[in-house]
Amino acid sequence: MVVGVGIDVVRVARFAQALGRTPLLADRLFTEAERRTPAGNERTAESLAARFAAKEAVAKALGAPRGLHWHDCEVVADPDGRPWLTVSGTVAAAADERGIRRWHLSLSHDGGLATALVVAES
């Protein structure tokens, strides 16, 4: 059963500017694995913006509780490149309180926008 749905849209150029202005922002928002492709290269601004949108969409699917930590929600990719969510700490606790056991994630970026859709299931 669907417990929550979240969607978020990020302007890639604005997000890239924020990353450029605040060099440690990427470290604060993303785990090391999220900042790099499976080949070990740095991710593009589009890819990072989509991952940021995913974290925001997760918070919305949870009902936007306070106290969530950015690193407690991680966007990972399976060997085929399909994105998945792993949650721990504060995000896992909020999900447990709401009976969420499964996450569905879709990411996209085009035309200067990055989007993420998250569905939380019990």
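In region 24-40, the residues that are closer than 15 Å to V75 by Cβ and without any contact (Cβ under 8 Å) to a residue 24 or more places away in the chain form Cβ pairs under 7 Å with partners that are of a type outside the set (S, T, Y) and open to solvent by 90 Å² or more (accessible area, probe 1.4 Å), at six or more places apart or across chains, as follows: R35/E42; R36/E42. Annotation: of all residues in region 82-108 being in contact (Cβ under 8 Å) with a residue 40 or more places away in the chain and open to solvent by 40 Å² or more (accessible area, probe 1.4 Å), the one that is farthest from the chain's Cα centre (by Cα) is R98.
So, in region 38-91, how many residues would count as being of a type in the set (D, E) and in contact with a helix residue (DSSP H, G or I) (Cβ under 9 Å, 6 or more places away or on another chain)? Residues that pass the stated criteria total 4.
For G63, the conditions (1) open to solvent by less than 40 Å² (accessible area, probe 1.4 Å); (2) in contact with a Gly (Cβ under 9 Å, 6 or more places away or on another chain); (3) small (G, A, S) are fulfilled apart from (1). In region 83-109, the qualifying residues are those that are in contact with a strand residue (DSSP E or B) (Cβ under 7 Å, 6 or more places away or on another chain) and polar (S, T, N, Q), and the one that is farthest from L68 (Cα to Cα) is S108. Looking at region 14-122, the helices (runs of 4 or more DSSP H) lying wholly inside it that each contain 1 or more residues that are closer than 17 Å to V2 by Cα sit at 45-61, 89-97. Among the residues of region 37-45, is there at least one that is under 15 Å from the mean Cα position of the chain (by Cα) and open to solvent by 60 Å² or more (accessible area, probe 1.4 Å)? Taking every residue of region 37-45 in turn, at least one turns out to be under 15 Å from the mean Cα position of the chain (by Cα) and open to solvent by 60 Å² or more (accessible area, probe 1.4 Å).
The values are calculated or read from the model by the stated rules, or taken from the named source; none is laboratory data. Source: prediction; values computed, not measured. Glycine also receives a Cβ, built like all others from the backbone with ideal geometry; neighbour counts cover every protein chain displayed. Note: accessible area is taken over every heavy atom of the protein model, side chains too, but ligands, DNA and RNA are not part of it. Shrake-Rupley method; radii C 1.70, N 1.55, O 1.52, S 1.80 Å.
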